[in-house]
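Participant: Sharing a structure, written as structure tokens. Questions coming.
The values are calculated or read from the model by the stated rules, or taken from the named source; none is laboratory data. Everything numeric here is computed off the predicted structure, so don't read it as measured data. FYI the Cβ positions are ideal-geometry reconstructions off the backbone, even for glycines, and counts take in every protein chain you see.
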Amino acid sequence: MSHLQGRWAVAKEENLDALFAASNVDSALREKTKEGLIKPEQEIVVNGDDYALTTHVGHISTTIRFKLNVEFPASSLDGRKNMINLSIRKQKKNDALKIGFVVGKNSYER
């Protein structure tokens, strides 16, 4: 699936504020996110069935390795643990992030 390689930008976010609240993200950062001042960009590298996804938010970045449609544990940019399931449909990449019982979703486009 080499067509998935490359950079992706946020197109849509669902329940992100509740997810941040469950993660104890401070209110200033949550407000900046609501105002659209913070938008992550992601880059995917594909090697067979294995994927590496690097998330860039300003000067901070983190890389996770995974397989599509398989839920896996990962750390957020600030080191908090959460569960992620990534899928790709057509030219959109969708993330579902879980922290406790709270689920947030992001959609990315090229």
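Participant: Go through segment 29-45 residue by residue and tally those that are free of Cβ contacts under 8 Å to residues at least 12 places away in the same chain and within 21 Å of residue 61 (Cβ to Cβ). Show your work before the answer.
Facilitator: Narrowing segment 29-45 to residues free of Cβ contacts under 8 Å to residues at least 12 places away in the same chain: 29, 31-32, 35-37.
Subsequent filtering for residues that are within 21 Å of residue 61 (Cβ to Cβ) retains 29, 32, 36-37.
Within segment 29-45, residues that are free of Cβ contacts under 8 Å to residues at least 12 places away in the same chain and within 21 Å of residue 61 (Cβ to Cβ) number 4.
Participant: Applying the selection to segment 30-48, what residues are among the hydrophobic types (A, V, I, L, M, F, W, C) and surrounded by 15 or more Cβ atoms within 10 Å (Cβ to Cβ)? If you could, list the steps in order and put the result at the bottom.
Facilitator: Keep residues of segment 30-48 that are among the hydrophobic types (A, V, I, L, M, F, W, C), which gives 37-38, 44-46.
44, 45, 46, listed by residue number.
Participant: Among the residues of segment 60-73, is any charged (D, E, K, R), at pLDDT below 80 and more than 12 Å from the chain's Cα centre (by Cα)?
Facilitator: no
Participant: Can you tell me which residues in segment 1-50 are among the hydrophobic types (A, V, I, L, M, F, W, C), at pLDDT 80 or above and in contact with a helix residue (DSSP H, G or I) (Cβ under 7 Å, 6 or more places away or on another chain)?
Facilitator: Across segment 1-50, the qualifying residues are 44, 46.
Participant: If we scan segment 49-63, do we find a residue that is exposed (fewer than 14 other Cβ atoms within 10 Å of the Cβ) and either farther than 21 Å from residue 79 by Cβ or touching a residue at least 40 places away in the same chain (Cβ under 8 Å) (or both)?
Facilitator: yes
Participant: Another question, then. Examine segment 74-90 for a residue that is under 22 Å from residue 24 (Cα atoms), touching a strand residue (DSSP E or B) at 6+ places or on another chain (Cβ under 8 Å) and modelled with pLDDT of 85 or more, and state whether such a residue exists.
Facilitator: No, there is no match, as no residue in segment 74-90 is under 22 Å from residue 24 (Cα atoms), touching a strand residue (DSSP E or B) at 6+ places or on another chain (Cβ under 8 Å) and modelled with pLDDT of 85 or more.
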